[in-house]
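Peer 1: Okay, handing you the structure first.
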Amino acid sequence: MSTQEEEQPDFPTANFEENPSNEATTRTQSSLCDVCADVSSGFYCGAFVCEACKKFFVRCLQMKEKFRAVCTKDGKCVINKTTRTQCSKCRYEKCISLNMYGPGGRKVSEDINCIPCKVCGAPSSGFHFGVTTCEGCKGFYRRCVKKYDTAKFHCTNDNNCDVTWKTRNVCKFCRYQKCQDVGMMPESWFQSTILYL
């Protein structure tokens, strides 16, 4: 896998309706991973999880029959931030006990994917940086915060570009402005804020 994040393929928007009873929208201020109690990075695969547990679970699903972890403590391991890498079997079992499912799995149409990205309107993948967004806009904003000098962004259209799933890669300036306008904020600030609410 390359070190640079690639954006997910674009998807056409459909008739999206926000569902206020949806767990993903009602539990947006969750601050801890359901698997290991580390800081949650969003709603993925049916649970609020950190990036490490999300990637672990997806890797396990990709391995399918090849995943043959064994527990040396008869399945009684305590999974937390410091012990999560010590027993893959118990960690995977905890993911399963939370009814997690693979990306694009059984509940996607019922869960977060039915809510459009607040930045570009594509199907969202979770609650990222304080806002419901798609993987593409999540990655774009993370790169802006961590690696880009956003002061060098400029718009050739009088700062008035329409940011949609089709045009979101045309103007970095307007896309970044839209991220800020919808309320995205750097992860460290957002996490410290919700931890003390």
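Read the figures in this text as sums done on the coordinates, not as results from a lab. In this text, all values refer to a predicted model and were calculated from it rather than measured experimentally.
Peer 1: Give me, ordered by chain and number, the residues 5 or more places off Tyr44 or on other chains with an amide H under 5 Å from its own placed amide H.
Peer 2: Placed amide hydrogens put Val49 under 5 Å from Tyr44.
Peer 1: With θ set to phi - 60°, apply the Karplus curve 6.51 cos²θ - 1.76 cosθ + 1.60 along the range 41-56 and write out the HN-Hα couplings as whole Hz, x wherever there is a Gly or Pro.
Peer 2: Working through the residues one at a time gives 9, x, 9, 10, 6, x, 8, 7, 9, 7, 4, 4, 6, 4, 5, 4 Hz.
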